[in-house]
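Everything on this sheet refers to the single structure shown next.
Values in this text are rule-based calculations from the coordinates and carry no lab data. Bear in mind the structure is a predicted one, so any value in this text is a computation, not a measurement. Positions of Cβ are generated from backbone atoms using ideal geometry, with glycine treated the same way; all protein chains shown enter the neighbour counts.
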Amino acid sequence: MKRLVLVMVSMLLCALTSCGTMEVSQDTYISRSAPNTNYAGEETLKVGDQQQHAALLLFRPPDDIPANIIISSADLELYAVDGTGNITIGAYAILRDSNPDEATWNVTGSGDAWGMPGCNDTSADRRSRPEDTVMTSGWPEWCTLDVTQLLRDWVSGALPNKGLLIRQSVSASQYVVFASSEYGDSDYWPRLSYSATTPTPGGPTPTRTRTPTATRTPTATPTSTRTPTETATATKTETLMPTATETATLVPTATETATLMPTATETATPTHTLTPRWTPTTTLIPTRSLTPATQHVAYLPIIVKGH
């Protein structure tokens, strides 16, 4: 009954999508107990027994698969015909060329040795993680492993199709025997079933619209403008008061001309301007040059208050 329901569901899915089956093109198993023996002519594939036996499967996708096909699902199906107990098996993508018709535990069959005997180098021979795992539950029975992503990678070219390695994922002393492509009834040969959809011919093809690049607006460069010097205006009344620390007294010497000396606490700079209330500014009126004989003469500022 369960098998009938699965078949009916499969038929319904095929009616809604495109279904197909890839028959195995080459297969064999390799054995550590006979490392130089090829078993391509055997009717069965032995897997397990403390990971001493593993199967190689090579599938060739049909030439009529469209390049733009979208894989919805893909299952690897193996038919168990015998064994000594239930084991957990995994499907591993093979990473290097091999020839199942000549491969053994020691060599790929393409003239090279495996990176590690038994196709066990996880960087050169096969992937370290399985595409899927399943525990066998008896025989005869079908064992199914999900290889959807792997078939997508094969079809798209993301990963070269080098075949699959079926090996025991959890080491145990039991083993299982699957039907090979040499088995008497082809209905039980290893197969890869898939469902897929194909874009409608002539349908709109999504076009990537290129977003215009924003034009960078030049930033205005601030122009250095000379600030005009303010003209003294009558805005504040100030009286010059001589103090002990600030004296606006012209001190003449025998050789110097009269010079206004700034105080120690305030230095006259171009940016510090006194803004007096009177409109003429303080002006020094020299009368004559000082000589050593007239050193007692001093220049005094004439201050005219603007009231």
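Quick rundown of the values:
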item: Contour minus Cα-Cα distance for ALA158 and GLU102 (0.36 nm per residue); result: 17.5 nm
item: Label zone at ASN86, where the point sits 7 Å out along the Cα-to-Cβ direction: the stretch 138-152 residues whose backbone N lies under 11 Å; result: 138-139
